[in-house]
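Structure record follows, encoded as structure tokens.
The values are calculated or read from the model by the stated rules, or taken from the named source; none is laboratory data. Nothing here was measured: the structure is a model prediction, and the numbers come from that model. Note: ideal-geometry Cβ built from the backbone for every residue, glycine included; neighbour counts use all protein chains shown.
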């Protein structure tokens, strides 16, 4: 199902970026360029605006790749798998499929390898989930929970860096999923035989990879998000776009809570009510590979290391703790949490939790531009064995998103 992303139109930028190959070989004339040849092609995109708690999961999944999902409501039934399912598998055989419904969902397990799949078919004891291949290897004897089509409670999605050799869909190389953008510009005609008539007014940008996703929380504004990345060159859409906008509304950032704690501790955290603004930037290294494949699109847009940094603006600090965290290099745990104020069991509940088990404060500057002396702090997440998911390894931070979306 396509999803429409509400955004700030002034921040939305999408651009096809073909690479031009000029012919500048001299010909006895004083001209410089004698022909212009179209080379390989790709595109860039960026958007920003208020944080919408259902949409951001697509981009977090695209950046991280390791996503574990669980349902918080009541299950329609439980059973167990009778055969292992490999990464990328789209069918599972269970002891009994009687409580599962095509159009509903199934949840495998409850640990860090738990995941929810959307059922596209149920035939006896065989479950089919063609659009949502399993992300983790699910063995025989794993508990499988049935979730009906009526969602009465939220889902929790935990994002970590993907470290396994197999990536999304079972492909080699620890690569997260890609997505396709659609940019609606209004009906238009083609520009020649190389570009068929674009009757539906939408251009698609396939193979999109996120280079950066950032969250900004100012106590006097809405929680905001921004995404940038790279994709294949655009193509005209073959069908008319459908405007599917959710009923989710933005969240006022005064609801956020910032906590720091004992270094290496995820439990001993204390609230920091003096932070007036915070920012978290999650960056993924991308490299576009063009190859001799008789095609102009990239062979692959490869995802490399993931890094996470941020800022904390202490607008009314009671002491110099931020400065000590830098000078003493204490590297405390850091958590930023926000929700929309709804009941945690309600399907309309939205929450975002960003947790760095080890945050190194690298710059803290006193600020005297306001009535009170404050501190502007910069920090970077350090890889550790706590901020990891079902694919193991080490990771810099964990992002948990809670909403009514079953899977991404």
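Odds and ends about this structure:
- Residue within region 168-178 that is crowded, with 17+ Cβ neighbours inside 10 Å and part of a strand (DSSP E or B) present: no
- Qualifying residue in region 318-333 (condition: within 25 Å of the chain's Cα centre (by Cα), within 21 Å of residue 402 (Cα to Cα) and assigned to a strand (DSSP E or B)): no
- For region 135-150, filtered to residues that are closer than 14 Å to residue 68 by Cα and in contact (Cβ under 8 Å) with a residue 60 or more places away in the chain, the residue that is surrounded by the fewest Cβ atoms within 10 Å (Cβ to Cβ) is 136.
- Options 323, 372, 350; residue that is touching a residue at least 12 places away in the same chain (Cβ under 8 Å) and buried (at least 18 other Cβ atoms within 10 Å of the Cβ): 350
- The one condition in (1) within 23 Å of residue 373 (Cβ to Cβ); (2) out of contact with any helix residue (DSSP H, G or I) (no Cβ under 9 Å at 6 or more places or on another chain); (3) at pLDDT below 95 that residue 327 fails to fulfil: (3)
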